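The values are calculated or read from the model by the stated rules, or taken from the named source; none is laboratory data. Treat the numbers as computed from the prediction; the structure is a model and nothing was measured. Don't worry about glycine lacking a Cβ; one is built from the backbone with ideal geometry, like all the others, and counts go over all protein chains shown.
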Amino acid sequence: MKSRNPVVFILIVLLCASVLIGTILWKSRKPPPAAAEETFVYHHWCEKGKKIDAVARVHEEVTGSSRHSYTIVHGGSVDGEMMSDPPGVNMGKQEWESNLYVSLENIGDTVVVNPWISNGRNNFRTMDEIVLTTTAGYVSAEDKARAIWHHWVRHRIHATTNDMESIDPVKIYNIYGYTICASDALALAALWNRAGLPVRAAHPYGHTVSEVYYDK
């Protein structure tokens with residue numbers, strides 16, 4: 001009977017011991033320190049998993065009169081309007097927006113009535129402002145009528161919540177943004193009428209439209 005080689009036996013024992021020690025050290029290792037938390041947010045117009053830097057900026061304004069306004073400069077050469085599909089039948093896709101949101105808060109003791117945020121281009125606060133802005137530079141009744149209609153279809157999408165809220169042009173422009181045939185007809189008729197144009201409503205079966213009259 002042959003005796004075992006002691007050298008081979010020692011090597012096997014050392015190999016087993018090294019594997020055992022390595023396993024113990026691996027399981028007892030400490031996890032790496034967590035990275036500093038990054039300020040990122042996800043938004044619906046991003047590709048899945050894509051991150052966008054979110055940097056909050058705060059501006060405080062002290063009012064000293066009954067009517068007060070101030071301007072915040074938003075820099076850059078690209079804005080959300082040029083990076084989105086034009087409104088129409090369906091909601092357009094927003095590819096990018098440099099300003100994620102704006103919030104307005106009264107941190108004083110005086111009551112603030114009817115605060116308003118404007119981008120300096122859209123004067124939609126009243127029906128008179130909407131009509132004046134839309135028809136600026138047009139003289140004939142035809143041009144004014146077409147300008148109001150064209151401006152309207154570029155600022156609404158085809159949707160409804162089946163209530164009577166979305167028949168006011170001011171609310172549609174500034175709050176809701178959605179209309180269907182009935183609210184389109186009523187709101188457009190109101191704007192045409194405010195521009196001094198004769199209008200009338202028409203109710204074909206299952207539909208609602210409005211008509212505007214101008215003499216060429």
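List of remarks:
- Checking the stated criteria, residue 101 turns out not to satisfy the condition of being under 27 Å from residue 73 (Cα atoms), out of contact with any strand residue (DSSP E or B) (no Cβ under 6 Å at 6 or more places or on another chain) and modelled with pLDDT of 85 or more.
- Taking first residues from segment 103-115 that are under 14 Å from residue 60 (Cα atoms) and partners that are in a loop (DSSP other than H, G, I, E, B) and among the aliphatic types (A, V, I, L, M), the Cβ contacts under 9 Å between residues at least 6 apart in sequence or on separate chains come to 104/112; 104/117; 106/112; 108/62.
- None of 140, 183 is over 28 Å from the mean Cα position of the chain (by Cα) and among the hydroxyl-bearing types (Ser, Thr, Tyr) except 140.
- Odd one out for residue 209 among (1) touching a helix residue (DSSP H, G or I) at 6+ places or on another chain (Cβ under 7 Å); (2) within 30 Å of residue 116 (Cα to Cα): (2)
- Output for segment 174-192, where each listed residue is free of Cβ contacts under 8 Å to residues at least 24 places away in the same chain and either basic (Lys, Arg) or in contact with a helix residue (DSSP H, G or I) (Cβ under 9 Å, 6 or more places away or on another chain) (or both): 175, 176, 178, 179, 180, 183
- Residue list for segment 198-216, restricted to those being assigned to a loop (DSSP other than H, G, I, E, B) and surrounded by 15 or more Cβ atoms within 10 Å (Cβ to Cβ): 208
- Set 185, 202: member being farther than 30 Å from residue 58 by Cβ, touching a strand residue (DSSP E or B) at 6+ places or on another chain (Cβ under 6 Å) and either hydroxyl-bearing (Ser, Thr, Tyr) or at pLDDT below 85 (or both): 202
- Residue 195 touching a residue at least 60 places away in the same chain (Cβ under 8 Å), buried (at least 16 other Cβ atoms within 10 Å of the Cβ) and touching a Pro at 6+ places or on another chain (Cβ under 7 Å): no
- Of the residues making up segment 126-150, those that are surrounded by fewer than 15 Cβ atoms within 10 Å (Cβ to Cβ) and not in a helix (DSSP H, G or I) are 126, 136, 137, 139, 140.
- Options 113, 89: the member that is exposed (fewer than 11 other Cβ atoms within 10 Å of the Cβ), among the hydrophobic types (A, V, I, L, M, F, W, C), modelled with pLDDT under 65 and under 24 Å from residue 172 (Cα atoms): 89
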